[in-house]
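Down below is the structure, laid out as structure tokens.
A short reminder: the numbers here are calculations on the coordinates, not readings from a lab. Nothing here was measured: the structure is a model prediction, and the numbers come from that model. Every residue, glycine among them, receives a Cβ derived from its backbone with ideal geometry; neighbour counts consider all protein chains shown.
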Amino acid sequence: MTPHVQQINIKPETPGEVGLPKVPIELANVTLSGVDGDYNRFRKKKKENDPDMAVMVISTDILSQLNKEGWPVQPGDLGENLTLSGMDYASIEPGQQYQAGEVTFEISFICDPCSNLYALPYVGDERGPAFIKTLMNRRGWYARVLKTGTIKPGDGVTLLQ
């Protein structure tokens, strides 16, 4: 299967709500700051809009693994902006550059799980610690945007370097 964008996800700033789950959109404008319309409180307030955290990506194979382990994770649940299909999550590493649609991004670093994940309906306070442990090194990757543009579901994803 050719790697491609399965889903693009955002969560606008919503007072009183955490940023999860993110909801799908059909077309995204991606800037150096990330996907237009997406608000990441942690990135903005704690990390001062670090450009290495502009977008978060995950592949569907890791979501499938989590589902098989009893966690009914759906695209957007873990806070990713780009849900990619046809890629091996284990092959993603820092420094890799990808093109998707008009956008070029570079993998920065792995995203650590956070307590906001407790807000997902299938997690809650009781299962939260087990879910956090399960997600170590499997929550997704932060990436820096190198070339801005638009992206949509179905766009191919190419490893550039």
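Quick notes on this one:
- Residues whose amide H falls under 5 Å from that of residue 23, counting only those 5 or more places apart or on a different chain, are 10, 11, with hydrogens built in the peptide plane.
- Partner aspartates and glutamates for residue 147 [C-alpha distance under 14 Å; skip if fewer than 8 residues away on the same chain]: 52, 102, 106
- Computed extension gain for residue 39 through residue 69, at 0.36 nm per residue and net of the alpha carbon distance, reaches 7.8 nm.
- Shape call, the range 7-100: gyration tensor on alpha carbons, a/c limit 1.5: oblate
- Eligible aspartates and glutamates near residue 22 by straight Cα distance, threshold 12 Å, same-chain separation 8 or greater: 13, 38, 77, 80
- Put simply, the C-alpha atoms of the chain give a gyration tensor, and the ellipsoid matching it has half-axes of 23, 18, 14 Å, longest first.
- Pairwise FRET efficiency - residue 126 versus residue 96, Cβ, R0 = 45 Å, nearest 0.05: 0.75
- Order of 17, 48 - criterion: other Cβ atoms within 10 Å of each residue's Cβ, fewest first: 48, 17
- Order of 59, 115 - criterion: other Cβ atoms within 10 Å of each residue's Cβ, fewest first: 115, 59
- Amide H within-cut-off set for residue 146, under 5 Å, with H built and near neighbours excluded: 104, 105, 106
- Here is how the number arises for the chain: DSSP H runs of 4 or more residues each give -39500 (n - 2.57), the sum is divided by the residue count, and the result at 222 nm is -4000 deg cm²/dmol.
- Highest-MSF residue in the chain out of 22, 133, 11 [GNM, Cα springs under 10 Å]: 133
- Evaluating 6.51 cos²θ - 1.76 cosθ + 1.60 at θ = phi - 60° for every residue in the range 16-32, the Karplus couplings come out as x, 10, 7, x, 10, x, 8, 10, x, 10, 8, 8, 10, 9, 10, 10, 5 Hz, glycine and proline recorded as x.
- Built amide H within the under 5 Å cut-off of residue 101, gap 5+: 156
- Mean Cα-pair separation over length for the range 4-159, i.e. relative contact order, pairs under 8 Å, 6 or more apart, %: 34 percent
- In order along the range 103-112, the Karplus-derived 3J(HN,Hα) couplings, from 6.51 cos²θ - 1.76 cosθ + 1.60 at θ = phi - 60°, round to 9, 10, 9, 10, 5, 9, 7, 6, 8, 7 Hz, and Gly and Pro are given as x.
- When each of 13, 69 is scored by the number of other beta-carbon atoms lying within 10 Å, the sequence from fewest to most is 69, 13.
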